[in-house]
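Here is the structure we will look at.
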Amino acid sequence: MALASNSPRENIETKISYHQGWKESFSVIIGGDEVRLGKPSPEIFLEVAKRLNVDPSSCLVIEDSLLGVTAGKAAGMEVVAVPSIPKQAHLYTSADEVINSLLDLRPEKWGLPPFQDWIKDTLPLEPWHIGGPVVKGFGRGSKVLGIPTANLSTEGYGSLLSEHPSGVYFGWAGLSKRGVFKMVMSIGWNPYFNNTEKTIEPWLLHNFDEDFYGEELRLIIVGYIRPEANFSSLQSLIEKIHHDRKVAEEALDLPLFSKYKDDPYLKSST
């Protein structure tokens, strides 16, 4: 595994020094000041292949920039693009695959050993928390989809949401007056409805007799299911959401995830 960046070598070394084990993970590191031409020239990737002593055609490039994708393809390598700017996947047509985030990278597609951390179609995550009063959403959860979501305001959570890719997650939800429930949630722009803003839409997996707008909702997110996707029909979207529910419900019964049901954050009312 190698790291090839247009950044100067000194900058690369400084950045990765803050992350334990990163430098040791790479057999080769090359900066833009170590080649004659940087990306989109293929030179930096060809130099990587030379130092790794492998044929360029057997290399897989993972890139977030258009310049990098162009360079990788010009080097005769296969390229997976992970766009650094949301909703820009359509610009990366020259890549062999475009994924929403590194959570969606499946090495086995490219003849590499698969990651070992997926469990029952879910990817365990370092738990993170978010909470606030339940707000009115677009009004389509119950009325259009038949799936009542308990929306949270994104106000004040801009930096947190930027850390987490759009997609479908799962975990536990605590309502201050009702208890703790399983939940599956989407974060993102919902491509089928083409939202203009990133939203947080949890679905509490319990049948409630009444709305609870304004009630304090606390979430602990413990795992990831899949990226956001567009659908050809409303029915196919609904079917996929119900499949997400089934995956989340089964996963949350596993001790790995069920232990978070007792997280004190879920039962705090302030």
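The values are calculated or read from the model by the stated rules, or taken from the named source; none is laboratory data. The shown structure was predicted, so the numbers you read here are calculated from the model rather than taken from an experiment. Using ideal geometry, Cβ is built from the backbone for each residue, glycine included, and neighbour counts are taken over all protein chains shown. Accessible surface is based on the protein model in full, side chains and every heavy atom, while ligands, DNA and RNA are left aside. Shrake-Rupley method; radii C 1.70, N 1.55, O 1.52, S 1.80 Å.
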* Structure fact -> Charge tally for neighbours of GLY179 with beta carbon under 13 Å away, counting Lys, Arg as +1 and Asp, Glu as -1, is +3
* In the structure displayed, which of LYS73/LYS240; LYS15/LYS259; LYS50/LYS109 lie more than 29 Å apart, Cα to Cα? -> LYS73/LYS240; LYS15/LYS259
* Asked: What aspartates and glutamates could a cross-link reach from LYS177, if we take a straight Cα to Cα line under 15 Å and drop same-chain neighbours fewer than 8 places away?
  -> ASP209, GLU210, ASP211, GLU215, GLU216
* Asked: aspartates and glutamates within cross-link reach of LYS246: Cα-Cα under 19 Å, excluding same-chain residues under 8 positions apart?
  -> ASP121, GLU201, GLU228
* Hydrodynamic radius by Kirkwood, which averages 1/r over all alpha carbon pairs of the chain, in angstrom -> 20.8
* Tally Lys and Arg at +1 and Asp and Glu at -1 over the other residues with C-beta under 14 Å from the C-beta of ASP263: what net charge comes out? -> +3
* Structure fact -> Debye calc, one equal point scatterer per Cα of segment 1-134, no solvent, log10 I(q)/I(0) at q = 0.14 1/Å comes to -0.74
* To do: On a 0 to 90° scale, report how tilted helix 43-52 is relative to the longest principal axis of the chain, with both axes built from alpha carbons and the result rounded to the nearest 10.
  => 90
* Whole number in Å², please: accessible area per residue of the chain, 1.4 Å probe, ligands, DNA and RNA not counted. => 54
* To do: Between the alpha-carbon centers of segment 1-46 and segment 103-125, tell me the distance in whole angstrom.
  => 25
* Structure fact -> GLU43 neighbourhood, Cβ < 14 Å, K/R = +1, D/E = -1, net charge +2
